[in-house]
Amino acid sequence: MLAFLSGPCSIEPTGFALTAFRSIVAVVFALLLIGGVVASAQVDTGQIAGVVTDQSGAVVPSASITVKSLSTNATRTAVSSSSGAYQVRVSRLATTRLP
């Protein structure tokens, strides 16, 4: 036997459907929140790294390296390690030159 409803009818989620909906909303909210935190954690710093060698290809320990920002004229210096490696951190990404 079929029964037909007459008048307004509303369907509201209950039980498992309501719990699943709330879980999905919570996960989406958490992903949006985490995405915002990760995006705001980006910085505008960088580094220049390499190995100092002479004309014969031998490494040069204790070499002085100077990096100059072409936009601010600020300079940063570093000294190469015993293996000739150097690393210079730059505070703002800009066009730089090794004089």
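If you go through the range 76-91 one residue at a time, how many are surrounded by 13 or more Cβ atoms within 10 Å (Cβ to Cβ) and modelled with pLDDT under 85?
Looking only at that region, the number is 2.
For the range 56-67, enumerate the residues that are surrounded by 15 or more Cβ atoms within 10 Å (Cβ to Cβ) and not in a loop (DSSP other than H, G, I, E, B).
Hits for the range 56-67 are Val59, Ile65, Val67.
The values are calculated or read from the model by the stated rules, or taken from the named source; none is laboratory data. All figures in this text were calculated on a predicted structure; none of them were measured in a lab. Every residue, glycine among them, receives a Cβ derived from its backbone with ideal geometry; neighbour counts consider all protein chains shown.
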